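Below is one structure; the comments refer to it alone.
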Amino acid sequence: MYFDYLNVLIFCAVGLGFVFVNLIIASFLRPKRKVTEGLETYECGEEPIGDAWIQFDIRYYTVALVYVIFAVEIAFLFPWAIVLGESFRGTGAAVGTGIGAFALIEGIVFIVILFLGLAYVWAKGDLDWVLSFSGPAYQPPQERARFLPSVHELQELAEARNDEGDGEGDEAEENEEAA
Amino acid sequence: MPVEAVTLADTTTKELPLLVLWLFKAGLIYGGLLGTAALMTLAERKVSAWIQYRIGPNRVGPWGLLQPLADGVKFIFKEEVVPDGANPLMFRLAPILSAVPAMLAIAVIPFAGEVKIGDWSFGTLSIANLDISVLYVGALTGLSVYGVILGGWSSNSKYSLLGGLRASAQMISYELTLLLAVLSVVLMNGSLDLRAIAADQASTGMWNAIVQPVAFVLFVIAMFAETNRHPFDFAECEPELVGGFHTEYSSMKFALFFLGEYCAMVVMACLATTFFLGGGALPFIAELAWYVELPVFCAKASSFLFLFLWVRWTLPRFRYDQLMTLGWQVMLPLALVNLFVTGAVVALGWHPLLMPLLAIAVLVPFALLFGRPRPRSESLTHEGAAG
Amino acid sequence: MDRYLADLGLIAPELVLTLLSLVVLVWDLVTKGRDSRQVAYLSLAGLGVVAYLLLGQWGDLAATGGKAETVAFGMVTIDAFGTFFKLFTVGSLAVVILFVLADRRERKHGIGEYYFLLLGAGIGVFFMVSTNNLLLLMLGLELLSLASYSLAGFHKSERRSAEASMKYVIFGGLSAGIMLYGISLLYGLTGTIDLNEMGIADGSGWPVGLAAQFAQDPVPVAVAIVLILAGFAYKVSVVPFHFWTPDVYEGAPTPVTTFLAVASKAAGFAVLLRFVGALFLVEGVDSTVAAYGERIGLLIAILAAVTMTLGNLSALRQTSMKRMLAYSSIAHAGYVLMGLAAMTPAGFSAAMFYLAAYYFMNLGAFGFLLYFEGVNKSEDIDALKGMGWKAPVVSIVMVAFLVSLTGLPPTVGFYGKLLLFYEGVDAGLGWLVLIAALNSVVSLFYYFRIAKALFLSEPAEREAEPQPFFTGFLALLGVGTILFGIYTEPLQNWSETGTDSLGIAEASE
């Protein structure tokens, strides 16, 4: 068995060798020009403003955290799966220890608790990539205040004055006009 | 066992010295892997051409067969740019980290059983016969995310950073599903050894694609996401991010990223073959010689490779929120439930064919009831989603 | 299978508590956090069940002399010592939940995660006080710590609370790392993570485990033990690992501060007692190890002296009552360490008695603080001026707590301190007892500043809205403080049963 790990090591060395040989050959053969414009960060022809090393969306961290939890869970489940299989099939080291049913229940409890964690994250909306906010709806910006009243405002003012002066009678007429 | 295969073999058979054998095998399998990866670059263009009713590359060599070689030469002769703002060490490290783990994973794939030519025995046709090869593959798949995130971060370009971030979040999300699907297979076949998993399927004749349909579908979907292929190629989604995490890369370093991607595809195809299609087995035939097994294996793996290309030119790209929703809210719970059911079936000793029936009986009505596109998604189509 | 089921029966309180925490979490999710009071009542009911199970277990254990039973492959040790602390933890959890219910500010924030995190911390305490296995101990400690970190920052929009949480995480992470390093060293040196197997001679006459290491080179063992003690010292806020205490206690929501100051700290002491007891004092311990234990005792005595002095002197200058109580809790850690430094079974049971007393009086004091935070919207001692006449019952009860905290008769704190002093003198630590006595006098000054502010000033203008439920509840704690101070038999018996179950050898002078 250990010979096989050595195999892997040799394989790894050959792979690294291949990669480095390619890089080195290329570094000898390719042209080298000393033009500084080419060394700017590419931004479709725009001048880049500032570094790209910025604070990015916190949801990436959330995803990574949930991933870590589940990755650890899976790492624990691999030996569990083997023991469970061996115990119920009657082969291997786990035979006769009577651990099968217990392991099954334990595994289910383990998965259910972690599943609850997933359900929690889910219910709290951390898995939804498009966030919806329950804020006030968008209002178009108000008209700018003017020094002089607009024609529209003058009309309204005049109408209001008419209303005050003439009492109720004119309203019906106005409504008809508006209609 | 592997040691026995080398040392305790039949006395009449002759063996090569170990080191020679190892180097020979390593060369052979590397040659196969890199050759396939190179051919895939050609196949990608050819298949796309056929699907789009074009001819495709046909100038270099017969039917354009020497095109990959020409591309390689071109890469070597290209000027290399390391941007001023980049982190030089990480920038140089990223392509290597992307290419090497992808190539290493091929080491444990059991292409065929013991190879014998005349009196000469060459051992099994795989580099290493680890009895925890599933974990080895899992570890190397996990490493592949480093190349992408480091490449994206070290370039100090906004496109690259976004591409790298998206790709890493996507890869870790789907890695869970991938591993859970594999876990169901492990539970089913009772081993962490790829050879034993393949052999178990071959001996019972029940390939996991049949008895583990849910795991199979999940694995194939996650396989696309893990290799950053369409419809999950957010790392380099051209209309948004130019080239994604490798925007700033050029020359041989760029080639290494591509090499890594295609090697990962080949490895994933081989893994899918081993896990779900019984490796080099044929239905109803128990024992096969290595010279039958190898072509059968290659044919199966090639069909997966063709699937990669086919899907690329057929399906449109997902939106990022759809990707996350699919990964976390559909596939991960489904994989966990599948693990549950598999565990119960193994524990109760029921016939494994119960599982596909159960899957059809439960999932089809479920999909019909809840599987319609939600109106929310439609309203968002034009606004797009932030990534 | 039967074996496993029998094991599960023994850890039924832990299982019920775990299940309860999950049900609480799901309940809160299902109701979408609309009615967190229901969640609180559910938690209280569940804690009642846990307490019932624990009392049953205590009865069984007390009948057999508190002997230890190990379950779950030797990971969990069920003995009277652990059950003693578990009972008090359940009690203080229930009190903290009642505090949350009574706190108007919490009512606004009051979402179910609060209770879930409290119960989670409780699970951590349960496992850490009932194990001899360093790995499980570490896991319990971490579970407690993680829950505490998020609880300390529960008012995340408040700058002070967020800062408290951050400080707690950084200090906690660092000390957990130090402690884990010590544990790994100890594991490397002895080849076991079971405390019971480390110090004991195997009867062959050859040194094994810790003793063998001592014979060869005592330095690595000393390093390991000091590193582990540093981890505990952080948990119980002993100088020089006390820096986080005032800031975290001040920034955290007051019910959480109560939990940290009472349950979390007592759990830390429980583990410390078990660790020192199992390593150096247990029956059949190797003589070299026991001899080394005396040096550790001296180290602890020095730490105790420094801790109580520094805590009391710092408390003198505080204007905020919350901060003052934080420093006072540091000082009390020093007093409890005195019982540990005696390195005798009687000293251990005196420390346990004092911790039990500490539950009563500190829960009460923090309850009072919470009450007047609601009334005054301030934690300043000056704001209490003249409020004694407006809320007489609460204030009088508070005086009882203060008397007990100072250590004056006829309260439980007095008897606890008396026991500690007696055992200290008995173990030849006269100088330490003298320092402790002087410290008690110093503490009189700052404790009675509160009493003075309450009653020896002009009656305040403000009115305190009567809260009969909260008042009655605090009064109950006050009655407990005085009752157990006069009628000391039961508490003393319980702590002695608890100490007996540790299997510590009688002092061989």
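Output the residues belonging to region B:70-113 that are more than 9 Å from chain A (Cβ to nearest Cβ), buried (at least 19 other Cβ atoms within 10 Å of the Cβ) and β-branched (Val, Ile, Thr).
Matches in region B:70-113: B:Ile109 only.
For (1) closer than 22 Å to B:Ile96 by Cβ; (2) at the interface with chain B (Cβ under 8 Å from one of its Cβ atoms); (3) surrounded by 14 or more Cβ atoms within 10 Å (Cβ to Cβ), each residue gets a yes or a no:
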{"site": "A:Asp4", "(1), (2), (3)": "no, yes, yes"}
{"site": "A:Leu9", "(1), (2), (3)": "yes, no, no"}
{"site": "A:Ala13", "(1), (2), (3)": "yes, no, no"}
{"site": "A:Val19", "(1), (2), (3)": "yes, yes, yes"}
{"site": "A:Ile24", "(1), (2), (3)": "yes, no, no"}
{"site": "A:Phe28", "(1), (2), (3)": "yes, no, no"}
{"site": "A:Pro31", "(1), (2), (3)": "no, yes, no"}
{"site": "A:Glu37", "(1), (2), (3)": "no, no, no"}
{"site": "A:Glu40", "(1), (2), (3)": "no, yes, yes"}
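Could you check, for region C:91-99, whether at least one of its residues is touching a residue at least 60 places away in the same chain (Cβ under 8 Å) and in contact with a Lys or Arg (Cβ under 8 Å, 6 or more places away or on another chain)?
Among the residues of region C:91-99, not one is touching a residue at least 60 places away in the same chain (Cβ under 8 Å) and in contact with a Lys or Arg (Cβ under 8 Å, 6 or more places away or on another chain), which makes the answer no.
Check every one of the helices (runs of 4 or more DSSP H) wholly within region C:87-174 and list those with 3 or more residues that are of a type in the set (Val, Ile, Thr).
C:113-129
Among the numbered criteria (1) more than 14 Å from chain A (Cβ to nearest Cβ); (2) in contact (Cβ under 8 Å) with a residue 60 or more places away in the chain; (3) in a helix (DSSP H, G or I), which one does B:Ala281 miss?
Among (1) more than 14 Å from chain A (Cβ to nearest Cβ); (2) in contact (Cβ under 8 Å) with a residue 60 or more places away in the chain; (3) in a helix (DSSP H, G or I), the lone unmet condition for B:Ala281 is (3).
State the number of residues belonging to region C:455-468 that are farther than 13 Å from C:Asn376 by Cα and surrounded by 16 or more Cβ atoms within 10 Å (Cβ to Cβ).
Result for region C:455-468: 2.
Picking from C:Glu489, C:Glu465, C:Glu461, which residue would you name as being over 29 Å from C:Val95 (Cα atoms) and acidic (Asp, Glu)?
Criteria check complete, one pass: C:Glu461.
Do you know which residues across region B:128-140 are more than 7 Å from chain A (Cβ to nearest Cβ), surrounded by fewer than 24 Cβ atoms within 10 Å (Cβ to Cβ) and either over 21 Å from B:Met90 (Cβ atoms) or in contact (Cβ under 8 Å) with a residue 40 or more places away in the chain (or both)?
B:Ile132, B:Tyr136, B:Gly138, B:Ala139
Among (1) touching a Ser or Thr at 6+ places or on another chain (Cβ under 7 Å); (2) of a type in the set (Gly, Ala, Ser); (3) more than 7 Å from chain B (Cβ to nearest Cβ); (4) part of a loop (DSSP other than H, G, I, E, B), there is one condition A:Gly50 misses while meeting the rest; what is its number?
(1) is the only condition that A:Gly50 fails.
Could you grab the pairs with beta carbons closer than 7 Å, sequence gap of 6+ or different chains, first residue in region A:61-90 and within 9 Å of chain B (Cβ to nearest Cβ) and surrounded by fewer than 21 Cβ atoms within 10 Å (Cβ to Cβ), second one modelled with pLDDT of 85 or more and not in a helix (DSSP H, G or I)?
So the pair list comes out as A:Phe78/B:Leu192; A:Ile82/B:Leu192.
Against the condition small (Gly, Ala, Ser), part of a loop (DSSP other than H, G, I, E, B) and in contact (Cβ under 8 Å) with a residue 60 or more places away in the chain, how does B:Ala255 come out, does it pass?
Against the criterion (small (Gly, Ala, Ser), part of a loop (DSSP other than H, G, I, E, B) and in contact (Cβ under 8 Å) with a residue 60 or more places away in the chain), B:Ala255 does not qualify.
Report yes if C:Gly172 is buried (at least 20 other Cβ atoms within 10 Å of the Cβ) and either modelled with pLDDT under 90 or over 24 Å from C:Ala222 (Cβ atoms) (or both), otherwise no.
yes
I'm trying to understand the selection: among the residues of region B:114-126, which are of a type outside the set (Gly, Ala, Ser) and within 14 Å of another protein chain (Cβ to nearest Cβ)?
Listed by number, the residues that qualify are B:Phe122, B:Thr124, B:Leu125.
Yes/no per residue for (1) over 21 Å from B:Gly260 (Cα atoms); (2) within 14 Å of another protein chain (Cβ to nearest Cβ); (3) in a helix (DSSP H, G or I); (4) modelled with pLDDT of 90 or more:
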{"position": "B:Ala5", "(1), (2), (3), (4)": "yes, yes, yes, no"}
{"position": "B:Asp10", "(1), (2), (3), (4)": "yes, no, no, no"}
{"position": "B:Tyr30", "(1), (2), (3), (4)": "no, yes, yes, no"}
{"position": "B:Thr36", "(1), (2), (3), (4)": "no, no, yes, yes"}
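Here is a check on your reading of the model: is B:Lys116 farther than 20 Å from B:Gly260 by Cβ, buried (at least 16 other Cβ atoms within 10 Å of the Cβ) and among the charged types (D, E, K, R)?
yes
Restricting attention to region A:29-40, does a residue exist that is closer than 30 Å to B:Phe24 by Cα and in contact with a Phe, Trp or Tyr (Cβ under 7 Å, 6 or more places away or on another chain)?
Yes, the conditions are met somewhere in region A:29-40.
Can you tell me which residues in region A:92-140 are loosely packed, with under 12 Cβ neighbours inside 10 Å and either facing chain B (nearest Cβ under 8 Å) or at pLDDT below 75 (or both)?
Result: A:Ala93, A:Gly96, A:Leu131, A:Ser132, A:Phe133, A:Ser134, A:Gly135, A:Pro136, A:Ala137, A:Tyr138, A:Gln139, A:Pro140.
The values are calculated or read from the model by the stated rules, or taken from the named source; none is laboratory data. Quick caveat, the model's predicted, so the values are computed rather than measured. Using ideal geometry, Cβ is built from the backbone for each residue, glycine included, and neighbour counts are taken over all protein chains shown.
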